[in-house]
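Let me begin by presenting the structure, written as structure tokens, before commenting on it.
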Amino acid sequence: MHEVQDKLNNTVDGEFISEEKTQSIFGTTMARASVVQSLFESEVSKDYKSSNIEKLSFFKKSNKSKQKIAKKILSYALENKNSIDESIIRYTNDKSIERIPKTDLSILRMAISEISCGLETPVGVIVNESVKLGDVFGSDTSKNFINGVLSSMVR
């Protein structure tokens, strides 16, 4: 059996993200992925500057219009973190934001920010893309958790 060599050095919650999974990320999904990575990094480092996104590879690979979208989503997420977290808590069984895995939390924050920041993306597209990012970055249960929270919120 031929093994795929993973050349990525990025880790999320202690697990390597396979290069094979990240090959499905392009276009607006790449912009969303850069927001998720930046939110995750901010949560871990406690450094909440929106300019941190500019050094991430997904952001650098995005074209200028996608970078603008990513910056808008990230700015909204950082400026409204507390109200976004309150929304997440309302739609989860666990009432402690600290118990939600940082990857899942970052994806939910990105999705809620995109829904709320005035972009004209259909909500269904945002939910589907968030579930896809949960599959790429999260654990085996991430995509179901993300889908459940977002679907409950948008009903």
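Starting from residues that are basic (Lys, Arg) and surrounded by 14 or more Cβ atoms within 10 Å (Cβ to Cβ), keep the ones in the range 104-155 and report whichever is farthest from the chain's Cα centre (by Cα).
Initial filter on the range 104-155 (basic (Lys, Arg)): 109, 132, 143, 155.
Those left that are additionally surrounded by 14 or more Cβ atoms within 10 Å (Cβ to Cβ): 109, 132, 143.
Numbers: Arg109: 7, Lys132: 10, Lys143: 12 Å.
The extreme case among them is Lys143.
Run down Lys68, Lys60, Lys46 and say which single residue is surrounded by fewer than 18 Cβ atoms within 10 Å (Cβ to Cβ) and at positive phi.
Only one candidate passes the filter, namely Lys46.
Checking the condition free of Cβ contacts under 8 Å to residues at least 12 places away in the same chain, acidic (Asp, Glu) and within 23 Å of Asn52 (Cβ to Cβ), which residue from Glu120, Glu129, Glu79 passes? Show your work before the answer.
Values: Glu120 fails: within 23 Å of Asn52 (Cβ to Cβ); Glu129 fails: free of Cβ contacts under 8 Å to residues at least 12 places away in the same chain.
Result: Glu79 is the single residue among Glu120, Glu129, Glu79 that is free of Cβ contacts under 8 Å to residues at least 12 places away in the same chain, acidic (Asp, Glu) and within 23 Å of Asn52 (Cβ to Cβ).
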Qualifying positions in the range 63-114 - of a type in the set (Gly, Ala, Ser) and closer than 19 Å to Val125 by Cα: Ser65, Ala70, Ala77, Ser106, Ala111, Ser113
Could you go through the range 134-146 and let me know if any residue there is at negative phi, of a type in the set (A, V, I, L, M, F, W, C) and in contact with a Lys or Arg (Cβ under 9 Å, 6 or more places away or on another chain). yes
Condition check: of a type outside the set (S, T, N, Q), touching a residue at least 40 places away in the same chain (Cβ under 8 Å) and either closer than 22 Å to Phe137 by Cα or assigned to a helix (DSSP H, G or I) (or both). Does Ile53 satisfy that? no
Residue list for the range 82-103, restricted to those being touching a residue at least 12 places away in the same chain (Cβ under 8 Å) and of a type in the set (Val, Ile, Thr): Ile84, Ile88, Thr92, Ile97, Ile100, Thr103
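Coordinate-derived values only; no laboratory data. The structure displayed is predicted, hence computed values, not measured ones. Neighbour counts run over all protein chains shown; Cβ positions are idealised from the backbone, glycine included.
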